[in-house]
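**Q** The structure that follows is given in the form of structure tokens.
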Amino acid sequence: MRFLGIGDSCDLGALYLRLLGEGHEVKVHVANPLCHGTLAGMVPRVDDWKAERDWLKAAGTDGVMLFENVSGRRGALQDQLRRDGFQVIGGSAYGDRLENDRGYAQEVLRGIGLSVCPMKTFSDRAEAIAFLRQKPGRYVLKFNAAYETYVGQLADGRDVLAFLTGLPSQGEDESFVLMDHVEGVEMGVGAYFDGEKFLKPACLDWEHKRFFPGDLGELTGEMGTIVTYERTARFHALTLGRMESLLRDGGYCGYINLNTIVNEQGVWPLEFTCRFGYPGYAILDSLQRTSWSALFRGMVTRSMKRFETHPGFSAGVVLSTPPFPYQRPEVDVPVGLPVICDAALTADERRHLHFGEVGMQNGQLVTSGAYGWTMVVTGIGTSIADAQAHANRLAGRITIPNVRYRLDIGSRLIAGDFARVEALGMLAN
């Protein structure tokens with residue numbers, strides 16, 4: 001098969017390497033110049049992806065475009081490419097709106113019968129500040145672009161008010177929401193959608209976004225995640241599964257995830273991820289027995305109903321280096337630092353190394369890119385504790401200057417959150 005990856009920072013690096021390892025042809029377009037070193041010397045890179053369309057189309061259904069993100073109206077571009085006869089996996093214009101327009105997404109979720117958190121959308125900073133003063137409470141502040149989410153900690157909302165007041169304005173295009181804070185266990189549900197239907201099984205995931213152990217520090221993209229394909233059907237049917245006809249009508253083809261809060265009062269959907277999640281796809285890789293190429297062929301031909309998975313859990317740990325959780329060039333730090341793997345690693349252990357922002361330089365694997373997403377290590381096991389232990393041991397066998405990672409991925413689940421979800425009856429096939 002032939003695969004053409006299109007993105008800004010080569011987010012799907014580990015997936016491209018897996019496809020190459022399966023014997024397929026892969027070319028990647030990386031738009032951000034700061035990221036041109038990512039996978040350098042490991043995966044062929046093209047400056048103009050449009051010039052590769054004939055190469056891809058010549059492979060027929062064995063030629064697949066993989067879009068990495070939802071920026072730059074790429075969903076609308078994917079819709080057009082599909083109309084032009086290309087096989088495209090990634091998302092759609094409809095998916096872009098679900099992810100980027102939080103207020104719209106909440107109305108969609110309400111429309112399919114889910115309970116939604118009280119939320120108000122703003123495009124005027126002064127109006128939001130007045131609202132917070134008139135209706136004090138604990139809120140979550142989520143921007144539709146630019147700034148990261150801020151989760152309020154104070155019951156009267158003084159911290160959200162101060163945070164919002166002190167932020168530089170984004171100008172006329174500013175758009176954000178204030179959502180009531182809901183206590184519970186944060187839990188995601190994801191699945192592959194082939195344009196007509198969801199493939200089975202769905203996955204469940206528990207992300208760890210804070211930079212430091214104990215869920216302290218900045219909200220990062222992600223520091224690690226626990227995932228499983230077991231006992232997922234009930235939760236999927238209650239939540240994401242209700243989106244099937246809307247995704248079909250919206251021309252969606254790709255992976256999609258819905259993040260939620262679950263508690264004794266019900267399920268509270270938060271937001272969609274309408275693309276391959278990073279590092280989520282790498283963590284799922286460790287549980288997927290069906291190869292990526294077979295999965296993608298099944299999606300574009302709509303010939304697959306189910307793919308094969310391993311039982312149990314996977315724990316994924318993000319190994320980051322500076323400037324993470326910020327980015328270059330705002331933070332001026334060097335790249336090209338050596339990444340050294342224990343020479344005694346077995347072939348199976350190496351399969352649990354998922355390279356992110358790395359490249360080859362004079363025969364040495366080194367750090368690269370703009371963000372410091374260096375790699376993900378995974379461990380699988382019949383329990384969350386087993387998976388966590390395997391991942392942590394493997395992480396300790398990788399040497400990188402200034403590497404940072406968390407050793408507590410899954411600890412809150414082990415301490416009681418997973419039992420709480422089980423008691424709520426959310427886990428069943």
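**Q** Which trypsin sites (Lys or Arg not before Pro) in the stretch 268-317 sit in a loop by DSSP (not H, G, I, E or B) and have at most 11 other Cβ atoms within 10 Å of their own Cβ?
**A** 289, 305
**Q** Among 22, 183, 172, determine the one that fluctuates most according to a GNM of the chain built with springs between C-alpha atoms less than 10 Å apart.
**A** In this elastic network of the chain, the residue with the biggest mean-square fluctuation among 22, 183, 172 is 172.
**Q** So what are the radius of gyration and Dmax for the Cα set of the stretch 80-186, in Å?
**A** So, for the stretch 80-186, Rg and Dmax equal 16.5, 54 Å respectively.
**Q** Rounded to a whole number, what is D in µm²/s for the stretch 232-356 from Stokes-Einstein with the Kirkwood radius over alpha-carbon pairs (10 °C, 1.306 mPa s)?
**A** Approximately 88 µm²/s, per Stokes-Einstein.
**Q** Continuing with this model, one more query. Top to bottom by accessible area (1.4 Å), largest first, where do 239, 61 land?
**A** Largest to smallest exposure gives the sequence 61, 239.
**Q** When the Kirkwood radius is taken over all Cα pairs of the stretch 106-147, what Stokes-Einstein diffusion coefficient follows at 10 °C and 1.306 mPa s, in µm²/s?
**A** Estimated via Stokes-Einstein, D reaches 131 µm²/s.
**Q** Also, quick follow-up: Mind putting a number on the dipole of the stretch 17-129 about its Cα centre? Charges go on the C-beta only, +1 for Lys and Arg and -1 for Asp and Glu, and I need it in Debye to the nearest 20.
**A** So the magnitude is around 180 debye.
**Q** Which lysines, on any chain, are close to residue 120 with Cα under 26 Å apart, when same-chain ones fewer than 8 places away are left out?
**A** The reachable lysines, counting only those whose Cα sits under 26 Å from residue 120, are 135, 142, 209.
**Q** Report, to one decimal in Å, the Kirkwood hydrodynamic radius for the stretch 314-429 based on all distinct Cα pairs.
**A** 15.5 Å
**Q** Assign unit charges at the C-beta atoms only (+1 for Lys and Arg, -1 for Asp and Glu), then state the dipole size of the chain relative to its Cα centre in Debye, rounded to the nearest 20.
**A** 740 debye
**Q** With n ≥ 4 as the cut-off for DSSP H runs, can you work out [θ] at 222 nm for the chain, using -39500 (n - 2.57) per run divided by the number of residues, rounded to the nearest 500?
**A** It comes out at -7000 deg cm²/dmol, rounded to the nearest 500.
**Q** For residue 197, give me every one of the lysines with a C-alpha distance below 21 angstrom, ignoring sequence neighbours fewer than eight places off in its own chain.
**A** 305
**Q** A further question on this structure: Which value results when the Cα radius of gyration for the stretch 150-271 is divided by 2.2 N^0.38 Å? Each step should come with its number before you reach the end.
**A** Values: Rg = 17.1 Å, N = 122, 2.2 N^0.38 = 13.7 Å.
Dividing the Cα radius of gyration by 2.2 N^0.38 Å gives 1.26.
**Q** Using 0.36 nm per residue of separation minus the Cα-Cα distance, give me the extension gain between residue 344 and residue 172 in nm, one decimal. It would help to have the intermediate numbers written out before the result.
**A** Details: separation 172, 0.36 × 172 = 61.92 nm, distance 5.62 nm.
Gain in length upon complete extension: 56.3 nm.
**Q** Largest first, what is the accessible-area ranking of 57, 135 with a 1.4 Å probe?
**A** The most accessible residue leads, giving 135, 57.
**Q** Right, next: For the chain, divide the Cα radius of gyration by the Kirkwood radius and give the resulting Rg/Rh value with two decimals.
**A** Checking Rg against Rh, the ratio lands at 0.94.
**Q** A further question follows. Name the residue farthest towards the positive end of the dipole of the stretch 82-222 from the options 220, 109, 167, assuming +1 on Cβ of Lys and Arg, -1 on Cβ of Asp and Glu, about the Cα centre.
**A** Among 220, 109, 167, the one farthest towards the positive end of the dipole of the stretch 82-222 is 109.
**Q** So if I place +1 on the C-beta of Lys and Arg and -1 on the C-beta of Asp and Glu, and nothing else carries charge, what would the dipole magnitude of the stretch 91-226 be about its Cα centre? I want it in debye, nearest 20.
**A** 380 debye
**Q** Starting from the Kirkwood Rh over alpha-carbon pairs, what translational D in µm² s⁻¹ does the stretch 2-53 have by Stokes-Einstein at 37 °C and 0.692 mPa s? It would help to have the intermediate numbers written out before the result.
**A** Details: Rh = 10.9 Å.
Answer from the Stokes-Einstein relation: 302 µm²/s.
**Q** Report Rg(Cα)/(2.2 N^0.38 Å) for the stretch 125-187, keeping two decimals.
**A** 1.09
**Q** Go through the stretch 233-297 and name the GluC sites (Glu not before Pro) that are in a DSSP coil and have 12 or fewer other Cβ atoms within 10 Å of their Cβ. Each step should come with its number before you reach the end.
**A** Numbers: sites: 244, 264, 271; in loops: 264.
Passing sites in the stretch 233-297 are 264.
The values are calculated or read from the model by the stated rules, or taken from the named source; none is laboratory data. Everything quoted here is computed from the prediction, not taken from an experiment. Cβ sites come from the backbone with ideal geometry, for glycine too, and all protein chains shown count toward neighbours. Note: areas computed on protein heavy atoms with side chains; ligands, DNA, RNA excluded. Shrake-Rupley method; radii C 1.70, N 1.55, O 1.52, S 1.80 Å.
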